[in-house]
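Working notes, beginning with the structure itself.
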Amino acid sequence: MIVPDAVLAAYDRFADVYDRHWGAMMTAPVLRMVEEHLIGQDKDAATPATVLDLCCGTGQLAAALLANGHAVVGVDGSAAMLAHAARRAPEAVLLHQDVRQLQLDQPVDAVVSAFDSLNHLPDVEDFRATMQRVFACMRPGAGFLFDLNTEEGFRERFADDFSITEDNLVLTARGGFDGEVGSYRIAWLSPEERTSDEVATGRVWRRYDVELAQRCFPREVVLAALHDAGFLDVRTFDAVADVGMAGHVGRRFYLARVPA
Ligand SMILES: C[S@@+](CC[C@H](N)C(=O)[O-])C[C@H]1O[C@@H](n2cnc3c(N)ncnc32)[C@H](O)[C@@H]1O
């Protein structure tokens, strides 16, 4: 079972490590796709496009979108992930929201959600409700781009265990997939300064544990949710074959549009 509050609490604890090791992983290919598929048609518009980065995490994509001249609204449910985003993309409007209750003051010109963030939604009902929330936040003609891990991706990539060993970090991760939910159990040690009466007396290594769980949403479920929310012109892209993202086996991008 996926409990959204537990997922967000896990990201709160994991934010510093995520930022250093995973935060930039999707930025370049997703930025290229945003420019090509979401903004392309409006390139000559006098006003900058406003892009909603849904589940913006630690803000690397938000910063890249700002650098390309777009206005950015970032939404994430983890306060610690957002704190990184605020440092990295200070000009972005950042909102601490659960995407299942997404609400914006103004409609946006494009929405992007990167790095299988929406796989964290607990069930089909929440996935469908989120698609409706996103649709309601978009102006007519706007595009929505997101990626999801597919069953193939869970079977290929969540089967792995991996570890990271650095001067200040020892991390081990164990993946698993039960046919519906995939998860990584991650444990890590990192050093903290120990002080006594505000005098440094040495370092202690502290252990942290999180579990990051994701649901597999079949293609037909995603297409029905997009259609029923009102989206048109849905296209899909395989991350490896169509986007050239080596190693991202079983990652599928969806591109959908609000009717003009
Ligand atoms: C794998 S990270 C991706 C972050 C960023 N998009 C990137 O590409 O690095 C998933 C993000 O989704 C956020 N998230 C997960 N479930 C959420 C929810 N229900 N509402 C808002 N944010 C959520 C997490 O806090 C986390 O920042």
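The values are calculated or read from the model by the stated rules, or taken from the named source; none is laboratory data. As the structure is a prediction and not an experimental result, all values here were calculated from the model. Here the Cβ is made from the backbone with ideal geometry for all residues, glycine too, and neighbour counts use every protein chain on show.
Condition check ((1) touching a strand residue (DSSP E or B) at 6+ places or on another chain (Cβ under 6 Å); (2) among the basic types (Lys, Arg); (3) more than 16 Å from the ligand (Cβ to nearest atom)) across all residues:
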{"residue": "His120", "(1), (2), (3)": "yes, no, no"}
{"residue": "Arg128", "(1), (2), (3)": "no, yes, no"}
{"residue": "Asp147", "(1), (2), (3)": "yes, no, no"}
{"residue": "Phe154", "(1), (2), (3)": "yes, no, no"}
{"residue": "Asp161", "(1), (2), (3)": "yes, no, yes"}
{"residue": "Arg185", "(1), (2), (3)": "yes, yes, no"}
{"residue": "Glu192", "(1), (2), (3)": "yes, no, yes"}
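Looking at the stretch 13-30, can you tell me whether even one residue there is more than 10 Å from the ligand (Cβ to nearest atom), hydroxyl-bearing (Ser, Thr, Tyr) and out of contact with any Lys or Arg (no Cβ under 9 Å at 6 or more places or on another chain)?
Going through the stretch 13-30, the residues more than 10 Å from the ligand (Cβ to nearest atom) turn out to be 13, 16-17, 20-21, 28-29.
With hydroxyl-bearing (Ser, Thr, Tyr) added as a condition, the list becomes none.
The answer is no; no qualifying residue exists.
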| note | For the stretch 208-219, pairs from a residue that is closer than 23 Å to Thr172 by Cα to a residue that is assigned to a loop (DSSP other than H, G, I, E, B), with Cβ under 8 Å and 6 or more apart or across chains, are Ala213/Ile2; Gln214/Ile2; Gln214/Asp116; Arg215/Ile2; Arg215/Leu121; Arg215/Pro122; Arg215/Asp123; Arg215/Glu180
| message | So Gln101 ticks every box in (1) of a type outside the set (Gly, Ala, Ser); (2) modelled with pLDDT under 95; (3) surrounded by fewer than 17 Cβ atoms within 10 Å (Cβ to Cβ) but one. Which box is left unticked? | response | (2)
